[in-house]
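All remarks here apply to the structure that follows.
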Amino acid sequence: MEKEIEEKRSGSETYQCMNCGAALKYKPGTNFLHCDYCGTDTPIQVKKVEEVQELDFEKYAQNFEKLNTKATKIISCRKCGAESTFNESVKSAICPYCTTPLIESDAREERLIQPSYLLPFKIEGRDTPKYLKTWIKRLWFAPNKLKKQALLTNQLQGVYIPCWTYDAQTETDYSGQKGINYTTTIGSGKNRRTVTRTRWYYCDGHVSLFFDDVMVPASGMIASDVMYKINNWDTMNMVETDNRFLSGFLTEKYVMNMNDGYKKAKQIMNQEIDYAIRKDIGGDHQRITAQKTEVSEIKFKLILLPVYMSAYLYKNKLYHFFLNARTGRITGDRPYSTAKIAFAIIAGIAALALFIWLLNAQ
């Protein structure tokens with residue numbers, strides 16, 4: 001049964017403290033909205049996900065503008081063009097991609113497909129430096145001043161990143177060849193040797209695969225490989241989308257639409273299908289000469305994943321880092337120390353020269 005999302009205004013709700021009237025923000029790792037002024041915590045009644053509801057792709061691909069969109073307040077960065085949903089609790093927000101201040105007057109309304117589920121922020125922003133320190137320590141040839149410079153940044157921003165997920169049942173008929181290795185002796189005398197050759201046999205067959213939650217990042221600013229590098233999401237802990245969890249954070253507008261997302265998902269599926277075919281063929285080598293895949297029961301949903309990101313300047317160049325706000329896994333851009341690299345090369349050459357000298361001295 002599909003989950004229909006009722007049409008209502010999203011992304012502009014302000015949750016006010018009952019004690020002092022200030023805007024409340026979601027407190028990471030809890031089920032509370034927190035007031036930074038008087039310290040009051042207001043509980044969020046979390047809707048436990050008993051069974052994840054998927055949407056029918058064929059139905060929504062043709063009619064999503066009528067079926068599953070609602071007016072959303074969007075703000076665009078004047079410098080880099082990144083687009084995020086906007087709510088009143090982030091009036092002083094900065095663009096997480098280029099550190100340009102976001103201006104409330106730039107906001108506009110747009111109709112967007114609404115996310116079905118989200119993973120709330122678990123790590124608090126004040127705890128991110130320890131993850132950054134650990135990451136920097138592991139970087140080879142990083143400049144000594146990098147740690148100090150990166151940790152001085154005050155441009156940290158929590159952002160919910162949109163991702164499509166797709167389910168599908170695939171049935172594939174294939175034909176190909178199985179290669180079996182064998183050894184034989186060729187030549188004579190001093191040229192006599194054993195070589196490995198392959199006998200090829202025709203084969204055909206059928207593989208059936210069900211794909212569950214093939215994830216495709218829909219961000220326009222974070223590259224997909226960045227999301228995959230921090231991709232150890234505990235999706236079993238997702239909750240139904242509740243704007244209270246978004247309060248105090250930016251939510252990036254998806255740039256890749258559901259149809260283009262499905263094309264990306266099919267590429268991922270096709271790689272898995274090829275692997276399954278080769279495994280089914282068996283032998284030492286495999287050749288796939290033809291295959292035909294039927295795809296059915298295509299389902300999808302839009303989810304939001306929490307990421308801390310920041311930009312920092314090092315020698316007048318902008319670098320970024322990205323932190324999985326559930327697990328602390330981190331990746332990002334980094335500079336290299338030419339002095340350290342040069343020293344390592346010189347040390348390596350010296351060690352090699354010493355090794356050769358010791359060999360010759362024996």
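Structural remarks
- Every pair of residues 6+ apart whose Cβ atoms lie under 6 Å, when the first sits in segment 156-174 and is assigned to a strand (DSSP E or B) while the second is of a type in the set (S, T, N, Q): 160/251; 161/219; 169/296; 170/293; 171/208; 172/291; 172/293; 174/291
- The set of residues in segment 303-338 being modelled with pLDDT of 70 or more, buried (at least 16 other Cβ atoms within 10 Å of the Cβ) and hydroxyl-bearing (Ser, Thr, Tyr) consists of 308, 310, 319, 331.
- Residue ID - surrounded by the most Cβ atoms within 10 Å (Cβ to Cβ), chosen from residues in segment 19-36 that are farther than 20 Å from residue 119 by Cβ and of a type in the set (Gly, Ala, Ser): 23
- So residue 207, is it at pLDDT below 95, under 30 Å from residue 282 (Cα atoms) and outside any helix (DSSP H, G or I): no
- Per-region count, segment 175-197, residues outside any strand (DSSP E or B), touching a strand residue (DSSP E or B) at 6+ places or on another chain (Cβ under 7 Å) and either at pLDDT 90 or above or of a type in the set (D, E, K, R) (or both): 1
- Residue match in segment 261-268 (condition: surrounded by fewer than 15 Cβ atoms within 10 Å (Cβ to Cβ) and closer than 17 Å to residue 228 by Cα): yes
- Residue check, residue 288 crowded, with 17+ Cβ neighbours inside 10 Å, touching a Phe, Trp or Tyr at 6+ places or on another chain (Cβ under 8 Å) and farther than 20 Å from residue 222 by Cβ: no
- Selected residue (criterion: farthest from residue 325 (Cα to Cα)) from residues of segment 233-252 that are surrounded by fewer than 21 Cβ atoms within 10 Å (Cβ to Cβ) and under 15 Å from the mean Cα position of the chain (by Cα): 235
- Annotation for segment 223-232: no member residue is touching a strand residue (DSSP E or B) at 6+ places or on another chain (Cβ under 6 Å), part of a loop (DSSP other than H, G, I, E, B) and either free of Cβ contacts under 8 Å to residues at least 40 places away in the same chain or within 28 Å of residue 56 (Cβ to Cβ) (or both).
The values are calculated or read from the model by the stated rules, or taken from the named source; none is laboratory data. Everything quoted here is computed from the prediction, not taken from an experiment. With ideal geometry, Cβ positions are generated from the backbone for all residues, glycine too; neighbour counts draw on all protein chains shown.
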